[in-house]
Amino acid sequence: MTKAPQTAPAADAMTNRNKLLVLLASVLALASVAGVVGWSYQADRKNHVQAGGPAVGAGTVSLTPGGPPRIVFRSLKYGPHRDELSSVPSDAPDGPRTYSGVKCMRFYAAAGTGICLQSEMGAFQETYTALVLDSSLKVTRRIPLAGIPSRARVSP
């Protein structure tokens, strides 16, 4: 009796283990793409006007003492004016905001002088600067900072 020749399994046939690894890699790749797309959508959405946001009024933001009392603060509301110095009447903090166009990480003012700490993302690292502002929020002095600022103060 002659034996039939046995055929060896194909060298390129995938084992169950290899199939599982390919499936796992595919799922991880799809999850990564979905995460990046979702993150970039959310990041872009933060720069647009949000429904129910505060009203915006016309005017200028000033640190000049006298006149009707106003509160000057850094706006944290998501939208195109996030991180800008804003102002509202002190007797109506829910009133319309006036935006200045000056963006700060930290801000402090006293006696008509303000200090604004800013960051700028460069090609390889973030740099920090302190801006000394006059009462009309014009930069009078720029001071490069060696590290990450955590607070800002101006002497009265």
Once phi is turned into θ = phi - 60°, what whole-Hz ³J(HN,Hα) does the Karplus curve with 6.51, -1.76 and 1.60 give for every residue of the stretch 118-126, x standing for Gly and Pro? 10, 10, 9, 7, x, 5, 10, 7, 8
Please arrange 74, 106 by accessible surface area, largest first, computed with a 1.4 Å probe and ligands excluded. 106, 74
Mind listing the long-range amide H neighbours of residue 77? Cut-off is under 5 Å, sequence gap 5 or more, other chains count too, H placed in the peptide plane at 1.01 Å from N. 83
Förster radius 30 Å - calculated FRET efficiency between residue 132 and residue 91, Cβ distance, rounded to 0.05: 0.55
Amide H neighbours of residue 106 at under 5 Å, excluding residues fewer than 5 places away on the same chain, with H built from the backbone geometry, are 117
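The values are calculated or read from the model by the stated rules, or taken from the named source; none is laboratory data. None of these values were measured; they are calculated from a predicted model. Neighbour counts are summed over all protein chains in view; Cβ atoms, including those assigned to glycine, are modelled from backbone coordinates with ideal geometry. Surface accessibility is based on the protein's heavy atoms, side chains included, excluding ligands, DNA and RNA. Shrake-Rupley method; radii C 1.70, N 1.55, O 1.52, S 1.80 Å.
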